[in-house]
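K.L.:
Starting off with a structure, shown below.
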Amino acid sequence: MENESVIRVLQTLVESCRDGQSGYRDAAEHVSDTNLRHFFNEQSLDRAGFAGELEQEIIKLGHADPDRTGSAAAGIRRAWIDFKAGLGAGDGSILSSVEAGEDRAKSSYESALRHTELPEQIAALIRRQLVSVSAAHDHVRSLRDVKAA
């Protein structure tokens, strides 16, 4: 796989991680449950670390200045969470929004791994991060289910 193609795959994941970083941080500001706030802040830091790892790979591939921003669509989703929280939406509603973001993150990672020509060290990095993303997704879903019950 050409460097430019690998860089595009990695850049998509960086965007997803930056979206998750901002989304979790924003959600943490709006939940009332302190354990949930702590979990969201931890996940925000994890996603920042993942983005940093991916950005380092982009730099190694010869692209000195990777894009370190998230997507505009994620910004709109965060504004929606802010709006719902302003209307008194509870932790369950915020968890549902976070889960939707995690669905997108998981899908981005799975899509990246379908590029079979990725260098093995990069594929291994993506697989390792996907394990964490999937675990966070499942945990958010189970927390949402508990809040809904």
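The values are calculated or read from the model by the stated rules, or taken from the named source; none is laboratory data. Not measured: the values here are computed from a predicted model. Cβ: placed from backbone, ideal geometry, glycine included. Neighbour counts: every protein chain shown.
K.L.:
Quick check on my filter: what residues within region 90-103 are farther than 9 Å from R144 by Cα and surrounded by fewer than 18 Cβ atoms within 10 Å (Cβ to Cβ)?
P.N.:
G90, A100, D103
K.L.:
Sticking with this structure for a sec: Out of all the residues in region 112-127, which are without any contact (Cβ under 8 Å) to a residue 12 or more places away in the chain and either surrounded by 12 or more Cβ atoms within 10 Å (Cβ to Cβ) or not in a helix (DSSP H, G or I) (or both)?
P.N.:
Selection gives R114, T116, A123.
K.L.:
If you don't mind, another one. How many residues, within region 128-149, are touching a residue at least 40 places away in the same chain (Cβ under 8 Å) and either basic (K, R) or in contact with a Cys (Cβ under 7 Å, 6 or more places away or on another chain) (or both)?
P.N.:
Residues meeting the conditions: 3.
K.L.:
Restricting to region 44-90, what's the tally of residues that are at pLDDT 75 or above and either within 13 Å of the chain's Cα centre (by Cα) or closer than 16 Å to N3 by Cα (or both)?
P.N.:
20
K.L.:
Considering only residues of region 1-43 that are of a type in the set (S, T, Y) and buried (at least 19 other Cβ atoms within 10 Å of the Cβ), which is nearest to the chain's Cα centre (by Cα)?
P.N.:
S16
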